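To start, the structure itself, in structure tokens.
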Amino acid sequence: MKKKLQITGKTFAITAAVGIILIMLSLVINTIWAFKQTVSATDEAVSAVSSFYLEAMADRRAKTITNLINNNFDYMGKALDVIGDADIDSQEELRESIGMITKLLSLSRFAMVDDDNIVYTQYTTYTGGTRHEFLSGDVMDDRVISTVYLYGSSRQLCLAVPTDMTIMGRHFKACFVQIDIKDIVDLLAFDDQGKTQFALYSMNGGNLSDTELGPVIGTRNLFEAMKNSVPDEDISGISADFADEAGGSLTFTIDGNAETMCYVPVEGTGWEMAVLIRESVIYDQIHEISDENLKISRYQIIFTLMIVLLFAAILLLQLRSIARSRLEAEREKSRNLHSMANTDSMTGVRNKHAFIEMEANLNTRIRENDLDKLAVLVCDINGLKTVNDTQGHAAGDKLIKDAAELICERFTHGAVYRIGGGEFVVILQGKGYDSMAEVLDEINRTVEENIGTGNVVIAIGYSVLNETDEQVHDVFERADQKMYARKQELKAMGAKTRE
């Protein structure tokens, strides 16, 4: 008969010790293996993700420049319409019109050119044949996009369009604007915590933006800076892409650091937008997290399986926190991008998004008792619906533009917003507040005269901030009520209404 095995305290202790050692070894081996697998997978993913991220970043910035160019061409078209409709008899009147257009449409260095290549700006006139390359030809058939180098180092983007109009008895053949490339760089300088660098290049690799593309390339000519670090065939490929206005990407190593560069053409300019990221920036962040996880895993071996489960719960919370933080950062970046679109494309005044931001700012100042003078004017176009229904939306759009021009001409010291189809809001503070009564009388007289002439008729109601108001909306509501009362007055005078 077999002797029954007895489990003693010593046996139990040995068994427990062996079990603990096996569990600890298992945890160590599994943790190290999992860590290595994670690092390997991360290394592969980072390379692919960085290229994708850079391509999206470069394309977005290139499209931002393209949109800026198209908007300026559209605004020049509107400027020519205004000048063509104006009765200009002297250079002084032409300069005043150019100045008004520059302010209203936010055009940079807007100018007109006659057949003798005389350039007329807001402040002066000069001979432009030698300054502007687009004037060197006999005939200008289409719009021109060119890069202008001024005073040795200053670089500007020149946008020109042909014209055919006679002013002051002289024929004008072109108009143009010049945008400082430094202003374009400021527009592109999104905050990405230094993870990426960008630069604008000409076809020969010259740096147009004076921004650094990484510490090694810096602000130098791209092809010259890469000679000692990148194979000649890769540089030749990039040079060919620049010449053909094509995009591409390249990963290379400089001083032991892996760099990824992506470049895309900026349509119509002959420029290339290049964006670069040092992959070690991503690696370092991920490896830091991985190293911390490994350190925590070592502590797990000392504790029981319950501690492992507790750590898993803590790790899950950490990962959720990181994901939440990154999601919030992306949302914040999205909000910042949207905040750039604050201009109404039809009229050139601020839009409803800008009004909401201004309203929030003023509400904060009201709560903090930091606001003294504030007036809100609500303006609404009489008869806009009737014009749209009977004459078409083109006529309605012109009525809206005329209304914006009339309001901006009168309230030069106010902030004008278009918040609806035919509805505008004017915020007056300081000097605009002090001159409000005089300006209101003037614009109301013009509006009443327009009833008989068929020009734009605007109903305006206003109200000022008082001690009982808690927010801008309180002032807006009173102004809105007065506006509707004014519409009835204008209707009684013969003005068209919405009905």
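The values are calculated or read from the model by the stated rules, or taken from the named source; none is laboratory data. None of the values given here were measured: they were computed from a predicted structure. We place every Cβ from the backbone using ideal geometry, glycine too, and count neighbours over all the protein chains shown.
Output the number of the condition that Asp402 fails; it satisfies all remaining conditions of (1) over 24 Å from the mean Cα position of the chain (by Cα); (2) among the acidic types (Asp, Glu); (3) surrounded by fewer than 16 Cβ atoms within 10 Å (Cβ to Cβ).
Of (1) over 24 Å from the mean Cα position of the chain (by Cα); (2) among the acidic types (Asp, Glu); (3) surrounded by fewer than 16 Cβ atoms within 10 Å (Cβ to Cβ), only one is false for Asp402: (3).
Can you name every residue in the stretch 135-175 that is surrounded by fewer than 10 Cβ atoms within 10 Å (Cβ to Cβ) and under 19 Å from Asp74 (Cβ atoms)?
Hit for the stretch 135-175 is Asp142, nothing else.
Say whether the condition of being out of contact with any strand residue (DSSP E or B) (no Cβ under 9 Å at 6 or more places or on another chain), among the small types (Gly, Ala, Ser) and within 15 Å of Pro265 (Cα to Cα) is met by at least one residue in the stretch 219-238.
Scanning the stretch 219-238, I find no residue that is out of contact with any strand residue (DSSP E or B) (no Cβ under 9 Å at 6 or more places or on another chain), among the small types (Gly, Ala, Ser) and within 15 Å of Pro265 (Cα to Cα), so the answer is no.
Please work out which one of (1) modelled with pLDDT of 90 or more; (2) more than 30 Å from Gly268 (Cα to Cα); (3) among the acidic types (Asp, Glu) is the condition Asp74 fails and give its number.
If we test Asp74 against (1) modelled with pLDDT of 90 or more; (2) more than 30 Å from Gly268 (Cα to Cα); (3) among the acidic types (Asp, Glu), just (2) comes out false.
What residue, among those in the stretch 54-76 that are of a type in the set (D, E, K, R) and surrounded by fewer than 15 Cβ atoms within 10 Å (Cβ to Cβ), is farthest from the chain's Cα centre (by Cα)?
For the stretch 54-76, the residue satisfying everything is Asp74.
Criterion first (modelled with pLDDT under 95 and under 36 Å from the mean Cα position of the chain (by Cα)) does Lys487 satisfy it?
no
Being farther than 17 Å from Val266 by Cα, free of Cβ contacts under 8 Å to residues at least 12 places away in the same chain, in a helix (DSSP H, G or I) and assigned by TED's automatic domain parsing to the domain that holds His132, is that true of even one residue in the stretch 201-218?
yes
With the requirement that a residue be surrounded by fewer than 18 Cβ atoms within 10 Å (Cβ to Cβ) and of a type in the set (Asp, Glu), what does the stretch 413-459 give you?
Residues satisfying the conditions are Asp434, Glu438, Asp441, Glu442, Glu448, Glu449.
Only one of Glu245, Glu224, Glu259 is buried (at least 20 other Cβ atoms within 10 Å of the Cβ), among the charged types (D, E, K, R) and either in contact (Cβ under 8 Å) with a residue 12 or more places away in the chain or not in a strand (DSSP E or B) (or both). Can you tell me which? Walk me through how you get there before you give the answer.
Numbers: Glu245 fails: buried (at least 20 other Cβ atoms within 10 Å of the Cβ); Glu224 fails: buried (at least 20 other Cβ atoms within 10 Å of the Cβ).
Within the list Glu245, Glu224, Glu259, the selection yields Glu259.
Take the conditions on the phi < 0 side of the Ramachandran plot and modelled with pLDDT of 90 or more and apply them to Thr121. Does it pass?
yes
Would you mention how many residues in the stretch 147-166 are modelled with pLDDT of 90 or more and touching a Cys at 6+ places or on another chain (Cβ under 9 Å)?
So the count comes out to 4.
To keep it simple, each residue is scored yes or no on (1) within 27 Å of Thr364 (Cβ to Cβ); (2) in a helix (DSSP H, G or I).
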residue: Leu406; (1), (2): no, yes
residue: Ala415; (1), (2): yes, no
residue: Val475; (1), (2): yes, yes
residue: Ala479; (1), (2): yes, yes
residue: Tyr484; (1), (2): no, yes
residue: Gln488; (1), (2): no, yes
residue: Gly494; (1), (2): no, no
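In the stretch 104-118, what residues are at positive phi and more than 29 Å from the chain's Cα centre (by Cα)?
Hit for the stretch 104-118 is Asn117, nothing else.
Examine the stretch 175-188 for a residue that is in the same structural domain as Asn117 (by TED's automatic domain parsing), basic (Lys, Arg) and free of Cβ contacts under 8 Å to residues at least 40 places away in the same chain, and state whether such a residue exists.
Residues of the stretch 175-188 that are in the same structural domain as Asn117 (by TED's automatic domain parsing), as a first pass: 175-188.
Next, only the ones that are basic (Lys, Arg) stay: 182.
Restricting the remaining residues to those that are free of Cβ contacts under 8 Å to residues at least 40 places away in the same chain gives 182.
Within the stretch 175-188 (the criterion being in the same structural domain as Asn117 (by TED's automatic domain parsing), basic (Lys, Arg) and free of Cβ contacts under 8 Å to residues at least 40 places away in the same chain), the answer is yes, since at least one residue qualifies.
Restricted to the stretch 84-118, and to residues that are closer than 18 Å to Asp180 by Cβ and assigned to a loop (DSSP other than H, G, I, E, B), which residue is modelled with the lowest pLDDT?
Within the stretch 84-118, the match that is modelled with the lowest pLDDT is Ser108.
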